Each structure stands twice: as structure tokens, then as C-alpha cells.
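For reference, the structure is listed below as C-alpha cells.
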Amino acid sequence: MKRIAVYPGTFDPFTAAHTDIVKRALRIFDEIIVAVAPSQKKSPLFSLEERLTMIRKSVESLDGVRTEAFHGLLVEYVKAKQGVAIIRGLRAISDFEYEMQMALMNRRLNHDIETVFLMPSEEYSFLTSTMVKEVSSFGGSVKGLVPEIVEKALQDKFKTIYKNN
């Protein structure tokens, strides 16, 4: 039986740190589902469809990875996909408290699904999607911090925004 893990997030946008976590997770699990949430709390820069497209192209060379949108309770989605684990990335101690609370709540909702925390490579330990958007919005280079498709999409998005203002 395949060991399936779900890597959930808004991924607005998908970064090199996210790719790194997917690659690390593939060492442990047979299949990784990158599950993209629409985000009710945040106002994403990219639409759900844009994020799905960018992630699919970013991971297309990796065997055992698929990308889907999901809605509702994460543990219900994981169960429906026959997953055994939720993958979460931890960059710093500041991430830990929130992630621990979510992991404990998910365990309470379904004790059969484990949460596995993975740290990105040291070179990406500072990287956040918010930081990438901020740098890109001011015309700064995010080369090497995001997949090429994301870098181009950010440039195009901010050109359009500035052109219309």
C-alpha cells in the first residue's frame, strides 16, 4: 500500500523552500499531494487556478507528486485521499507554536493521521511567500528563491498592478 502524505497550504506563491520540503517528503512517502487551499483569511495575490498551475509546473519533474485544490477540514481531505500524514514545514521557532496547535487539533479530529514536520534546507530557512511578494513588488530579484515560472508570474503581476495605478 502506498504511503500518501498531504502538504497543505495557500502557496501564494510557491517558493524554493516549498519545493525543498516536497523533495524531502518524497524520501519518506511514496506520494505527496500538494493541497492548495483557497484561503479565507488571506487575500492571495494569485488566484487558486494560477497557484495550481504554477505548482504543477514547478513539480512536474518529480515522480510521485500531484497538486490539487482542497476545501474544508484538512483531516477529512487527507482521509478521503487515503493519506497517512500531513507535511508541514518549520522554518523557525516562531512557526512552531501555531503548527503545534494545528497538529494537535488535527490529531484530535483524526488520531490515525500523523503530522510530520520538516525543516527546509538552511539556505531557505528565512524564506516566506510574504517576503518573496514584498521583494518582487518593489522590483527586487527573487531569482533562485522561487521556481522560474513563479518568478515570471510575479514580474507580470506587479507590472500589471503598477501599470493600472
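Per the listing 13, 8, the residue uniquely crowded, with 18+ Cβ neighbours inside 10 Å, under 12 Å from the mean Cα position of the chain (by Cα), modelled with pLDDT of 95 or more and within 22 Å of residue 111 (Cβ to Cβ) is 8.
Considering only the stretch 20-29, I want to know if a residue exists there that is touching a strand residue (DSSP E or B) at 6+ places or on another chain (Cβ under 8 Å), modelled with pLDDT under 95, surrounded by fewer than 16 Cβ atoms within 10 Å (Cβ to Cβ) and over 19 Å from residue 149 (Cα atoms). Checking the stretch 20-29: not a single residue is touching a strand residue (DSSP E or B) at 6+ places or on another chain (Cβ under 8 Å), modelled with pLDDT under 95, surrounded by fewer than 16 Cβ atoms within 10 Å (Cβ to Cβ) and over 19 Å from residue 149 (Cα atoms). Among the residues of the stretch 80-95, those that are outside any helix (DSSP H, G or I), over 13 Å from residue 29 (Cβ atoms) and open to solvent by less than 80 Å² (accessible area, probe 1.4 Å) comprise 88, 89, 90, 92. A Cβ distance below 8 Å, combined with a sequence gap of six or more or placement on separate chains, defines the contacts here; from the stretch 46-63, residues that are within 13 Å of residue 10 (Cα to Cα) reach residues that are surrounded by fewer than 16 Cβ atoms within 10 Å (Cβ to Cβ) and of a type outside the set (A, V, I, L, M, F, W, C) in the pairs 48/38; 52/68.
Residue 126: among the aromatic types (Phe, Trp, Tyr) and either part of a strand (DSSP E or B) or open to solvent by 60 Å² or more (accessible area, probe 1.4 Å) (or both), yes or no? Yes. Just checking, does the stretch 12-19 include any residue being out of contact with any Leu (no Cβ under 6 Å at 6 or more places or on another chain), within 22 Å of residue 103 (Cβ to Cβ) and not in a loop (DSSP other than H, G, I, E, B)? Yes, the conditions are met somewhere in the stretch 12-19. Within the stretch 44-57, is even one residue among the basic types (Lys, Arg) and not in a helix (DSSP H, G or I)? Within the stretch 44-57, none of the residues are among the basic types (Lys, Arg) and not in a helix (DSSP H, G or I). Entry remark, the stretch 96-123: residues being open to solvent by 30 Å² or more (accessible area, probe 1.4 Å) and assigned to a helix (DSSP H, G or I) number 13 in total.
The values are calculated or read from the model by the stated rules, or taken from the named source; none is laboratory data. Here the structure is a predicted model, which means the values were calculated and not measured. No Cβ is skipped: glycine too gets one built from the backbone with ideal geometry, and neighbour counts run over all protein chains shown. Just the protein is used for accessible areas: all its heavy atoms, side chains included, with ligands, DNA and RNA removed. Shrake-Rupley method; radii C 1.70, N 1.55, O 1.52, S 1.80 Å.
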